[in-house]
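Readers should treat all values here as calculations from the given coordinates under stated rules, not as data from a laboratory. Since this is a predicted model, take the numbers as computed values, not measurements. Glycine gets a Cβ as well: all are built from the backbone with ideal geometry, and neighbour counts include every protein chain shown.
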């Protein structure tokens, strides 16, 4: 099969990692794979191409809502589909999901799948909610299979009337679990933590997250600053890259947190950072089911996170982490203080994380199940024609 994957932006973040890993699995399985991305792409991907995957940039497709640019992107996608003649079109992310499926009418025999990495109509204004639900309902007319990264995101689409229960399937976002289960400390751990002699380490809280507004780095730092005096022996590691990084760095300076906060950049060894950390933090206002949560648990690193749809499918409050009320950053900070003040409790959470079954998030499971689902609509249509 010729499979096209379509993403709005090709950054180095969770949904892109999910898509790339799916592409890799499908290439190994013998399929022809093309990955189309919009204007915004991290140059790293050009310098580190994925073997066997044809990368195609579509500069007309931009992340912000822009009616004129969106119409140009729709036309460009139709042209690309006609030229490439895919057997499967698999869309990801909100903008690419809408435009990619609307354009698919020009290849009526192609199977069309859409992965719900995040629910775009949750946590937004009523006007945006109505717009997103309306657009999703329109695109659903040309969608054979919906794939949710958690049960909760699929349920949200059913509840909103976008699709029905039998057309949405949960496929966990695949991770190289062994890589996180058996990680060693990073080679530069002393430099990261400012340790010059000996092996004693300060407490470490780690946030592995792209620097973008919905991750709420700035807002969390403001809450963290209010309690920093009660956490004197703590290093807060921020690992990632993204458009908000300069703003976050400026906020650290403004709040006087230079001694506590360490910027790690985008790291190729997130498993090593998790091996170094005592706790993993995530303060996003919206997610699907974040890969970093599963990665942290696989590494035996307890997670402190705000409540959001699907998070309870991994985190058991008080067993392998803590779940703060949705939107409460002061709640995350309070949990951080409580956990780090109790060595026995922290050890219990770490043990609970290691005991958590994360096998459903394996790479093999994701690739095989995703590719198998492409066949379901075709089989159903064939059966209908035969009848």
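Taking the number of Cβ atoms within 10 Å of each Cβ as an exposure proxy, the fewest-first ranking of 71, 1, 308 is 71, 1, 308.
When each of the peptides 366-372, 146-152 is scored by the mean number of other C-beta atoms lying within 10 Å of its residues, the order from highest to lowest reads 146-152, 366-372. With helices as the sole contributors, the chain gives -13000 deg cm²/dmol at 222 nm; each DSSP H run of n ≥ 4 counts as -39500 (n - 2.57), and the sum is divided by every residue. Computed from the Cβ-Cβ distance with R0 of 35 Å, the FRET efficiency linking residue 124 to residue 196 stands at 0.15.
For region 177-359, the relative contact order comes to 24 percent (Cα pairs under 8 Å, sequence separation of at least 6).
Summary value for region 17-60: 46 percent relative contact order, contacts being C-alpha pairs under 8 angstrom separated by 6+ residues. Sorted fewest first by neighbouring Cβ atoms within 10 angstrom, 217, 90, 169 come out as 169, 217, 90. Label separation (residue 364 vs residue 47): 3.4 nm, computed from points 7 Å beyond Cα along the C-beta direction.
By the gyration tensor of its Cα atoms, with a ≥ b ≥ c the square roots of the eigenvalues, what is the shape of the chain: rounded for a/c under 1.5, prolate for a/b over b/c, or oblate? In terms of gyration-tensor shape, prolate. Within region 274-295, which residues have the backbone N less than 17 Å from the label spot 7 Å out from residue 354 along Cα→beta-carbon, could you tell me? The answer is 274-280, 295, whose backbone nitrogens lie closer than 17 Å to the label point. For a paramagnetic label modelled on residue 29 (point 7 Å from Cα along Cα→Cβ), amide N atoms under 12 Å away belong, within region 1-20, to 1-3. Shape verdict for region 177-359, please, from the Cα gyration tensor: rounded (a/c under 1.5), prolate (a/b greater than b/c) or oblate. Judged from the Cα gyration tensor, region 177-359 comes out rounded (a/c under 1.5). Ranked for footprinting exposure by Cβ neighbours inside 10 Å, fewest first, 215, 235 give 235, 215. Given springs between every Cα pair under 10 Å in a Gaussian network model of the chain, which of 174, 57, 240 has the largest fluctuation? Judging by the Gaussian network model, the answer is 57. The angle separating the long axis of helix 245-255 from the principal Cα axis of greatest extent in the chain is about 30 degrees. Highest GNM mean-square fluctuation among 43, 290, 186, for the chain modelled with Cα contacts below 10 Å: 43. Peptides 13-22, 259-268, 291-300 ordered by packing proxy, namely the average of other Cβ atoms within 10 Å per residue, highest first: 291-300, 13-22, 259-268.
Relative to the longest principal axis of the Cα atoms of the chain, helix 14-28 runs at roughly 60 degrees.
The gain in end-to-end length when the residue 226 to residue 2 segment is fully stretched comes to 75.3 nm, 0.36 nm per residue minus the alpha carbon separation.
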